[in-house]
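The values are calculated or read from the model by the stated rules, or taken from the named source; none is laboratory data. Here the structure is a predicted model, which means the values were calculated and not measured. No Cβ is skipped: glycine too gets one built from the backbone with ideal geometry, and neighbour counts run over all protein chains shown.
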Amino acid sequence: MKQPPLHEDAFTGIEAAIVLIAFITVASVFTYIMLGAGLFTTQVSQKVANAGVQGVASNVLVVGDIYGLASDTSLGIDTVEFGVTLSTGGTPVDFRGSQMIISTEGLLESLKYTAGVAGAGEWNVSGTNKMALSDNQVWTIDAKPTNKIKPRTQFTLEVKPPGGASFSIRRTVPQGLDPVNIMY
């Protein structure tokens, strides 16, 4: 008996189907990996954006004029006084652990926080015993460098609240001093 001739058309079709299935499997695995990496990248960038917004949302703003108080007008000012509040929609800022640095051409001093009346080299928040600045509050901060700041001297006062953005105040002491002076 004679065997029928072998047709290799069917075998070629099966090979093509196997190759097609392999390509589809590889493509789906590659797509899954790319989508996973994209979702991971999106989550990381979202965390970074949220942290940036949180830092900006807790900004402290200087309100009103900056005053220089002089107990002896012939020597210079001994206290820098200014008001602070939160920016609109800002989260409360805890002032415990805040750093305050005052500098002039010949002075660089880190002031220490005190809960009582501020002495030389210290700063305090007057009028409140709380340390967390909340919405709609205006606090007055008194900063007293160790040495008096002489007339016509430019100074910079930098405040660094923990967890929030730091801010600087740069002013010049006027030539003729009164007991209370507006810094310009």
Practice problem: Could you tell me which of the residues 87, 74, 98, 28 is assigned by TED's automatic domain parsing to the domain that holds residue 146 and at pLDDT 85 or above? | Solution: 74
Quiz item: Across the range 31-61, what is the total count of residues that are assigned to a helix (DSSP H, G or I) and modelled with pLDDT under 75?
Solution: 9
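Within the range 98-120, can you find the residues that are touching a residue at least 40 places away in the same chain (Cβ under 8 Å), surrounded by 11 or more Cβ atoms within 10 Å (Cβ to Cβ) and more than 22 Å from residue 162 (Cβ to Cβ)? I'd like the intermediate steps shown before the answer.
Of all residues in the range 98-120, those touching a residue at least 40 places away in the same chain (Cβ under 8 Å) come to 98-105, 107, 120.
Pick out the ones that are also surrounded by 11 or more Cβ atoms within 10 Å (Cβ to Cβ) and you get 98-104, 107, 120.
Matches in the range 98-120: 104, 107, 120.
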